[in-house]
1. Assigning unit charges at the beta carbon (Lys, Arg +1; Asp, Glu -1) and nothing else, what dipole magnitude in debye, to the nearest 20, does the chain show about its Cα centre?
2. Just from its helices, what would the mean residue ellipticity at 222 nm be for the chain, if runs of 4 or more DSSP H residues each count -39500 (n - 2.57) and the sum is divided by every residue, rounded to the nearest 500 deg cm²/dmol?
3. Long-range amide H contacts for residue 98: which residues qualify at under 5 Å (H placed 1.01 Å from N, peptide plane, sequence gap of 5 or more or a different chain)?
4. Which option, [x] 21.0, 81; [y] 30.9, 105; [z] 18.8, 69, is the value of Rg and Dmax of the Cα atoms in Å that was calculated from these coordinates?
5. Output the peptides 5-18, 103-116, 35-48 sorted from most to least packed, where packing is the average of other Cβ atoms within 10 Å over each peptide's residues.
6. Spin-label point model (7 Å from Cα, Cβ direction): what's the residue 59 to residue 44 distance in nm?
7. Tell me, in nm to one decimal, what length is gained between residue 116 and residue 16 on full extension, where the rule is 0.36 nm per residue of separation less the Cα-Cα distance?
Amino acid sequence: MTRPMIDVAARQASYIKLRDDLLEIRTRIANIEATAESPDGLISATVVGRGEISELYLDPRIFRNPDSKALAESIVDTIGDAVARAREELLEITRRFLPPGATVENTDVHSDPFLHQLEKKIEGAS
């Protein structure tokens, strides 16, 4: 049985391109900044990169209402909205490395782009 010929130079060039693309993605992810505001405008949350909260603004008027449970829910919801916006940005940054039809709901934007590229390499569809 004859082994298939492997074009080492082409394979290396393909891996170098993938590495360069991933380095570019890493830089773009680091530059993500998404902000959301609560419906009443009293809370603002900003997240960066992979969804880490970088800023939380609470308007002093929120302390006029003694309902701490409602305040906590509003803070959590606002942060969740900011994270969702960041995930949308992350999906757009990685979209070219994802299978067709990838959405925020059906994609782990942190690992699926890389897994999809690896699967393509394994199948020889680079």
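Bear in mind these aren't lab numbers, they're just calculated from the coordinates by the rules spelled out. In this text the structure is predicted, and so the values were computed from the model without any measurement. FYI the Cβ positions are ideal-geometry reconstructions off the backbone, even for glycines, and counts take in every protein chain you see.
1. 680 debye
2. That comes out to -17000 deg cm²/dmol.
3. Answer set, sorted by chain and number: none.
4. [x]
5. The packing order, highest mean first, is 35-48, 103-116, 5-18.
6. Placing both labels 7 Å along Cα→Cβ, they lie 1.1 nm apart.
7. In short, 34.3 nm is gained.
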